[in-house]
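First the structure, in the form of structure tokens, and then the observations on it.
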Amino acid sequence: MDTILVLDFGGQYNQLIARRVRECGVYSVVRSWKTPVEEILAEGYKGIILTGGPLSVYDAESPKADPELFALGIPVLGICYGAQMMAQQLGGKVSPAANGEFGHSELIMTADSALLDGLMPESDCFMSHNDHIDTVPSGFKATAKTASCAIAAMEDTLRGLYAVQFHPEVEHTEIGRGLFKSFVEKICGCEKNWTMDSFIKNTVNEIREQAGDAPLLCALSGGVDSSVAAVLAHEAVGDRLTCIFVDHGLMRKGEGDQVERIFRGQFSINLIRVNCQDRFLARLKGVEDPERKRKIIGEEFVRVFEEESKKLGDVGYLVQGTIYPDVIESGLGDAAVIKSHHNVGGMPSEMDFKGVIEPLRLLFKDEVRQCGLQLGIEETLVRRQPFPGPGLGVRVLGEVTVEKLEILREADAIYREELEKAGLAGSINQYFAVLPGIKSVGVMGDGRTYDYTIALRGVTTIDFMTAEWARIPYDVLQKVSSRIVGEVKCVNRIVYDITSKPPATIEWE
Ligand code: XMP
């Protein structure tokens, strides 16, 4: 399959670049800038994209491409830092700007360009740089500018080298999608054969081959990844797949039943639902420290899973919902984004499986959702927002009790329902209620109350590593607040969390 290599120099939008390429129907992979040129050549990529990065080309420790990369005869597109590095390494001049350029700029084409041909001659673009290219290397010509950047794009069509100072992968860059299409289709000559249909067909075949006659086991969490992985595995091996769903009682309202309805009901998958709320609550009794709670929930989950899988006898392969960003992060090692949380679904290595099957290891999250929809999984599950493995265990602050879980579940359900009704669910990346455990004085009717506070959290974010608090309209907050205090017993006060991450985290524990 025709493939574009995205060489990662540490920029924050790098995975977005790979996704944009895939949106053009062309497969892309992300690899470290350290990947040796011989390997790149051997793997037969049709094009290479050099990403942005946090450093200046003048920093002693800044990563540098192997200059041979520019002489392989494979088209190269440098973006931001990638563009500056290309200019510097090929003999052009890069200078630190007096003022950096951050945010929106007007991009104006200044010469005929193979890369920008057919795109808007004047458009809005997104810039984020201090250094800029002053002089293009010999053989290149400048093809676009902005008010404060004379060389916003350059190219040497003879050598197949292209560079842009702006970020075409970012939504605000109007010609971004067109630029990627132009690069992968026209310049690299890629065939568009990355489609969800072909992915599903190939993956189902691969699972069949890998599994042979062995049975498969999958831990369902109710999350998007494990759900889609399970349905793919079921397409491949049917009844030889068994799913274990450990219901720890820390899910949101109605979620456990939804999992059962979809997997057992709709897909006729062998599903073992282990209802073990009491067991988890017993282990959590008296425990207040968040990290201890996380550890206990994680350990208990694995223990239940092990017990259940032993009952099944020979379990062959374990199906896991690992997705491409996890693969990239573990492969790059030095990536700026290091995942700090492990899903509760993580299995102990000593478990006796023939191996692990990871049907989603090539997909980005939005592709996983698309795959899920194509397999017929309902939207409410496929579009589900992220939910931490330890569930409400880390949203009831301090000791977790049945009473607090019940209150939180009800308040959270109202909050989610109102945001969905207000049409905000798609634009707020994560939103949930928290029970901080404090009680305060209120007045209801003629009487004094002394009840719990519910905190509402809502954030917008690209990668969940940083986040901004969502500007939910006051009238929506008002509706949520009056419904929660009116409908949920033992709650008399609602607050909205207006801290970004950092300094706060998204979850409260
Ligand atoms: P924080 O609170 O660190 O959360 O800003 C970032 C993202 O990670 C999720 N999260 C978790 N996910 N196990 C998980 O699987 C956990 O222990 C955990 N803690 C936080 C959180 O919901 C957010 O999406």
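Summary table below
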| read-out | value |
| --- | --- |
| Output for segment 67-98, where each listed residue is at pLDDT 95 or above, of a type outside the set (A, V, I, L, M), open to solvent by 30 Å² or more (accessible area, probe 1.4 Å) and not in a helix (DSSP H, G or I) | Gly73, Gly91, Lys93 |
| Test set (1) crowded, with 16+ Cβ neighbours inside 10 Å; (2) in a loop (DSSP other than H, G, I, E, B) - Pro503 fails condition number | (1) |
| Filter result (more than 14 Å from the ligand (Cβ to nearest atom) and open to solvent by less than 90 Å² (accessible area, probe 1.4 Å)) within segment 488-500 | Val488, Cys490, Val491, Asn492, Ile494, Val495, Tyr496 |
| Sole exception among (1) small (Gly, Ala, Ser); (2) within 13 Å of the ligand (Cβ to nearest atom); (3) at pLDDT 95 or above for Ala282, by number | (2) |
| Residues located in segment 427-461, provided they are without any contact (Cβ under 8 Å) to a residue 24 or more places away in the chain, among the small types (Gly, Ala, Ser) and either assigned to a strand (DSSP E or B) or touching a helix residue (DSSP H, G or I) at 6+ places or on another chain (Cβ under 9 Å) (or both) | Gly447 |
| Per-region count, segment 462-487, residues within 16 Å of the ligand (Cβ to nearest atom), of a type in the set (D, E, K, R) and either free of Cβ contacts under 8 Å to residues at least 24 places away in the same chain or open to solvent by 60 Å² or more (accessible area, probe 1.4 Å) (or both) | 1 |
| Residue list for segment 36-63, filter: open to solvent by 20 Å² or more (accessible area, probe 1.4 Å) and of a type in the set (Ser, Thr, Tyr) | Tyr45, Ser56, Tyr58 |
| Given (1) over 30 Å from Gly391 (Cβ atoms); (2) open to solvent by less than 60 Å² (accessible area, probe 1.4 Å); (3) touching a strand residue (DSSP E or B) at 6+ places or on another chain (Cβ under 9 Å), number of the condition Gly178 does not satisfy | (3) |
| Residue list for segment 233-251, filter: assigned to a helix (DSSP H, G or I), in contact (Cβ under 8 Å) with a residue 12 or more places away in the chain and surrounded by fewer than 24 Cβ atoms within 10 Å (Cβ to Cβ) | Glu235, Ala236, Val237, Asp239, Arg240 |
| Checking Ser309 against (1) at pLDDT below 90; (2) among the hydroxyl-bearing types (Ser, Thr, Tyr); (3) more than 16 Å from the ligand (Cβ to nearest atom), the condition it does not meet | (1) |
| Gly44, sole failed condition from (1) over 24 Å from Phe199 (Cβ atoms); (2) modelled with pLDDT of 95 or more; (3) over 25 Å from the mean Cα position of the chain (by Cα) | (1) |
| Residue in segment 397-420 that is without any contact (Cβ under 8 Å) to a residue 60 or more places away in the chain and touching a Ser or Thr at 6+ places or on another chain (Cβ under 9 Å) present | no |
| All positions within segment 382-409 that are surrounded by 20 or more Cβ atoms within 10 Å (Cβ to Cβ) and away from the ligand (no atom under 16 Å from the Cβ) | Leu405, Ile407, Arg409 |
| Residue within segment 421-434 that is under 21 Å from Leu392 (Cβ atoms), open to solvent by 30 Å² or more (accessible area, probe 1.4 Å), within 16 Å of the ligand (Cβ to nearest atom) and aliphatic (A, V, I, L, M) present | yes |
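Residue-by-condition table, conditions (1) at positive phi; (2) part of a loop (DSSP other than H, G, I, E, B); (3) of a type in the set (D, E, K, R):
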| position | (1), (2), (3) |
| --- | --- |
| Arg384 | no, yes, yes |
| Gly398 | yes, yes, no |
| Leu405 | no, no, no |
| Asp412 | no, no, yes |
| Tyr415 | no, no, no |
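The values are calculated or read from the model by the stated rules, or taken from the named source; none is laboratory data. A quick note: this is a predicted structure, and the numbers were derived from the prediction, not measured. As a convention, Cβ positions derive from the backbone with ideal geometry for all residues, glycine included, and neighbour counts pool all protein chains shown. We work out accessible area using only protein heavy atoms, side chains counted, and drop any ligands, DNA or RNA first. Shrake-Rupley method; radii C 1.70, N 1.55, O 1.52, S 1.80 Å.
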